[in-house]
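The values are calculated or read from the model by the stated rules, or taken from the named source; none is laboratory data. Remember, it's a predicted structure, so these values are computed and weren't measured experimentally. Here the Cβ is made from the backbone with ideal geometry for all residues, glycine too, and neighbour counts use every protein chain on show.
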Amino acid sequence: MSNPKTSGPSESSFPPVPEGSGHHEPSGERELAALARDTTPENPWPLHMLSQKMHQYIARCDTMWVEGQIIELKKRARVTYLTLRDLEEEISVPVSLFPRETAMVDGELAHGMRVVVRLKPDFWTKTGRLSMLGSGIRQVGLGDMLERIERLRRSLQAEGLFDPAHKKPLPVLPQRIGLITGRDSDAEKDVIRNARLRWPGAHFEVREVAVQGVHALSQVTGALRELDADDAVDVIVIARGGGALEDLLPFSEEGMIRAVYQANTPVISAIGHEADQPLLDYVADWRASTPTDAGKTVVPDVEEERLRIAQARAATERTLRTYLDREAQALAQFRSRPVLAHPETMLMAREEETDAARQRAFRAVTVSLERHRESVAHLRSRVRSLSPQKTLDRGYAVVQDASTGDVVREASALGSGSSIRVRVASGGFDATVEDLHTDDPRDQ
């Protein structure tokens with residue numbers, strides 16, 4: 001809620017001191033610069049002139065409505081001094097309220113109250129201190145806060161931050177659990193106690209932070225980012241006990257909602273009681289109705305897991321026994337069959353078949369050998385009948401030239417006195433040609 005006039009003066013923006021303001025130098029002395037940019041080391045402004053120019057400049061700023069939380073409250077004489085702190089940032093300003101303004105407040109102002117007030121900047125010339133004069137102060141009512149939360153809820157829902165598709169599943173058995181809660185709070189004790197009752201080996205990484213007030217938003221989101229960056233943390237629980245709507249407001253702030261949405265680690269919201277439902281419940285991956293419920297949700301029950309393991313083992317054993325019994329019955333049925341009861345019967349039948357096949361093969365080979373023996377004998381007789389020895393046996397002789405060994409077929413091939421070799425059916429002899437007869441015996 002800024003105004004161009006409140007952006008701060010520059011050196012040359014201070015207005016000249018109006019006449020009659022009491023800042024003229026005595027006659028005969030130096031003339032002061034009218035503007036800040038005209039001052040020099042030789043001609044500086046007196047401090048009271050700077051203070052009055054600051055007062056004049058700030059007095060021109062418009063009034064503005066702001067919202068904040070009262071973190072300090074003091075009453076001196078008839079003036080009430082407040083310190084208002086920003087709802088999200090580490091920024092605070094002092095505010096002064098006069099009696100007529102405090103008289104219009106419905107009830108009493110109190111520490112921690114969220115208020116809306118109209119401020120007018122004021123610069124005290126004597127001390128050089130900037131303060132804010134407040135007017136029209138009023139407490140932010142429950143209806144206003146609920147309306148604001150509802151508007152924010154609709155806006156974030158339209159962006160898709162509450163879409164179930166973005167919610168991450170919780171780990172079945174987290175190795176390390178991040179816990180963000182108040183310092184030495186009952187919520188911390190409830191989460192840890194109930195989780196370890198269900199799973200004694202549960203390990204926690206605890207971050208104790210402010211869970212209400214102006215520091216809650218920054219500390220909770222800071223702890224969330226720290227735990228989210230730790231790879232050893234499998235799930236994060238944000239827990240606090242119940243309280244008034246004003247106490248739970250940090251868990252409906254937009255900054256916290258977006259931080260949870262951007263977290264990579266699953267987040268469980270365990271804020272207040274069942275009836276309490278801050279916006280954190282909508283964006284969290286899992287909503288626990290109470291911190292106690294969160295402790296029961298974040299880990300499984302060791303007794304239930306043991307029972308499930310026992311049931312699974314029993315079911316597996318039953319299945320195996322049923323399978324083995326079925327297979328044993330099948331084997332018994334196979335063994336009861338005649339072929340398996342007297343296996344030698346099958347062997348004897350195969351032995352007879354083998355003997356018959358062997359005899360058939362022997363007969364076939366014997367017949368083949370006899371047939372081929374006869375064929376060989378027939379061929380031998382034919383060869384013998386055609387042998388030259390048979391010719392010789394009938395009285396014929398073979399005449400060869402004794403010198404060349406050639407068979408003499410014509411008498412003219414020999415000459416008188418030629419040596420010849422005569423081969424008869426049994427043996428042979430050498431002879432000498434005395435006479436040649438050229439007549440052909442075939443012509444006789």
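Considering only residues that are out of contact with any Gly (no Cβ under 7 Å at 6 or more places or on another chain) and crowded, with 20+ Cβ neighbours inside 10 Å, which ones fall in the range 267-280? Explain how you work it out, then say what you get.
To start, the set of residues in the range 267-280 that are out of contact with any Gly (no Cβ under 7 Å at 6 or more places or on another chain) comprises 267-271, 274-275, 277-280.
Within the range 267-280, Val267, Ile268, Ser269, Ala270, Ile271, Pro278, Leu279, Leu280 meet the criteria.
Every residue, every condition in (1) assigned to a loop (DSSP other than H, G, I, E, B); (2) under 29 Å from the mean Cα position of the chain (by Cα), yes or no:
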{"position": "Asp293", "(1), (2)": "no, yes"}
{"position": "Pro300", "(1), (2)": "yes, yes"}
{"position": "Glu304", "(1), (2)": "no, yes"}
{"position": "Arg308", "(1), (2)": "no, yes"}
{"position": "Thr316", "(1), (2)": "no, no"}
{"position": "Thr322", "(1), (2)": "no, no"}
{"position": "Arg326", "(1), (2)": "no, no"}
{"position": "Leu340", "(1), (2)": "no, no"}
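Of the residues Val260, Val299, Val267, which single one is β-branched (Val, Ile, Thr) and within 27 Å of Met113 (Cα to Cα)?
Numbers: Val299 fails: within 27 Å of Met113 (Cα to Cα); Val267 fails: within 27 Å of Met113 (Cα to Cα).
Only one candidate qualifies: Val260.
Could you check Ala413 against (1) closer than 20 Å to Gly427 by Cα; (2) surrounded by 11 or more Cβ atoms within 10 Å (Cβ to Cβ); (3) of a type outside the set (Ser, Thr, Tyr) and say which number it fails?
All conditions pass for Ala413, except number (1).
Out of the residues in the range 185-195 that are more than 11 Å from Val299 (Cβ to Cβ) and small (Gly, Ala, Ser), state the one that is surrounded by the fewest Cβ atoms within 10 Å (Cβ to Cβ).
Ser185
Go through (1) modelled with pLDDT under 80; (2) surrounded by fewer than 12 Cβ atoms within 10 Å (Cβ to Cβ); (3) not hydrophobic (A, V, I, L, M, F, W, C) and name the single condition Gly112 misses.
(2)
Answer yes if at least one residue in the range 129-136 is of a type in the set (Ser, Thr, Tyr) and in the same structural domain as Val191 (by TED's automatic domain parsing), and no otherwise. Step through it out loud before you land on a result.
Of the residues in the range 129-136, the ones of a type in the set (Ser, Thr, Tyr) are 131, 135.
Applying the additional criterion that residues be in the same structural domain as Val191 (by TED's automatic domain parsing) yields none.
No, the conditions are met nowhere in the range 129-136.
Of the numbered conditions (1) surrounded by fewer than 21 Cβ atoms within 10 Å (Cβ to Cβ); (2) within 18 Å of Leu146 (Cα to Cα); (3) of a type in the set (A, V, I, L, M), Ala229 fails exactly one; give the number of that condition.
For Ala229, the exception is condition (2).
Take the residues in the range 132-153 that are at pLDDT below 85 and surrounded by 15 or more Cβ atoms within 10 Å (Cβ to Cβ); name whichever of them is nearest to Thr102 (Cα to Cα).
My answer is Gln139.
In the range 154-184, how many are surrounded by fewer than 17 Cβ atoms within 10 Å (Cβ to Cβ) and more than 20 Å from the chain's Cα centre (by Cα)?
Adding up the residues that qualify gives 9.
In the range 214-229, is there at least one residue being part of a loop (DSSP other than H, G, I, E, B), in contact (Cβ under 8 Å) with a residue 12 or more places away in the chain, more than 24 Å from Ser155 (Cβ to Cβ) and not assigned by TED's automatic domain parsing to the domain that holds Gly112? Walk me through it before giving the result.
From the range 214-229, those part of a loop (DSSP other than H, G, I, E, B) are 214-215, 229; that's our starting set.
With the extra rule that they be in contact (Cβ under 8 Å) with a residue 12 or more places away in the chain, the set shrinks to 214.
Checking which are more than 24 Å from Ser155 (Cβ to Cβ) leaves us with none.
Checked against the condition, which is being part of a loop (DSSP other than H, G, I, E, B), in contact (Cβ under 8 Å) with a residue 12 or more places away in the chain, more than 24 Å from Ser155 (Cβ to Cβ) and not assigned by TED's automatic domain parsing to the domain that holds Gly112, the range 214-229 yields no hits at all.
Scanning the range 37-60 for residues that are out of contact with any helix residue (DSSP H, G or I) (no Cβ under 9 Å at 6 or more places or on another chain) and part of a loop (DSSP other than H, G, I, E, B), which turns out farthest from Leu133 (Cα to Cα)? Even if it seems obvious, please write down each step before you answer.
First, pick out the residues of the range 37-60 that are out of contact with any helix residue (DSSP H, G or I) (no Cβ under 9 Å at 6 or more places or on another chain): 40-44, 46-49, 51-52, 54-56, 59.
Adding the requirement that they be part of a loop (DSSP other than H, G, I, E, B) leaves 40-44, 46.
On the way: Thr40: 35, Pro41: 36, Glu42: 38, Asn43: 35, Pro44: 31, Pro46: 27 Å.
Ranking the qualifying residues of the range 37-60, first place goes to Glu42.
To keep it simple, each residue is scored yes or no on (1) farther than 30 Å from Gln56 by Cα; (2) touching a residue at least 24 places away in the same chain (Cβ under 8 Å).
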| residue | (1), (2) |
| --- | --- |
| Asp122 | no, yes |
| Ser131 | no, yes |
| Gln139 | yes, yes |
| Leu146 | yes, yes |
| Arg151 | yes, no |
| Arg154 | yes, no |
| Glu159 | yes, no |
| Asp163 | yes, no |
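With Thr391, Thr366 as the choices, which residue is on the phi < 0 side of the Ramachandran plot and in contact with a strand residue (DSSP E or B) (Cβ under 9 Å, 6 or more places away or on another chain)?
On the way: Thr366 fails: in contact with a strand residue (DSSP E or B) (Cβ under 9 Å, 6 or more places away or on another chain).
Only one candidate passes the filter, namely Thr391.
Go through the range 176-197 and count every residue that is in contact with a Pro (Cβ under 9 Å, 6 or more places away or on another chain), of a type outside the set (Ser, Thr, Tyr) and more than 17 Å from Val267 (Cβ to Cβ). Give the derivation first.
Initially, the range 176-197 is screened for residues in contact with a Pro (Cβ under 9 Å, 6 or more places away or on another chain), giving 181, 185-191, 194.
Subsequent filtering for residues that are of a type outside the set (Ser, Thr, Tyr) retains 186-191, 194.
Right, trim to more than 17 Å from Val267 (Cβ to Cβ) and you get 186, 189-190, 194.
The total comes to 4.
Going by the structure shown, is Arg129 more than 11 Å from Gly68 (Cβ to Cβ), modelled with pLDDT of 85 or more and loosely packed, with under 14 Cβ neighbours inside 10 Å? Walk me through how you get there before you give the answer.
On the way: more than 11 Å from Gly68 (Cβ to Cβ): yes; modelled with pLDDT of 85 or more: yes; loosely packed, with under 14 Cβ neighbours inside 10 Å: yes.
For Arg129, the condition - more than 11 Å from Gly68 (Cβ to Cβ), modelled with pLDDT of 85 or more and loosely packed, with under 14 Cβ neighbours inside 10 Å - is met.
Sort out which residues of the range 196-225 are of a type in the set (D, E, K, R) and surrounded by 15 or more Cβ atoms within 10 Å (Cβ to Cβ), and write them in order of number.
Initial filter on the range 196-225 (of a type in the set (D, E, K, R)): 196, 198, 205, 207-208, 225.
Those that are of a type in the set (D, E, K, R) and surrounded by 15 or more Cβ atoms within 10 Å (Cβ to Cβ): Arg196, Arg198, Glu205, Arg207, Glu208.
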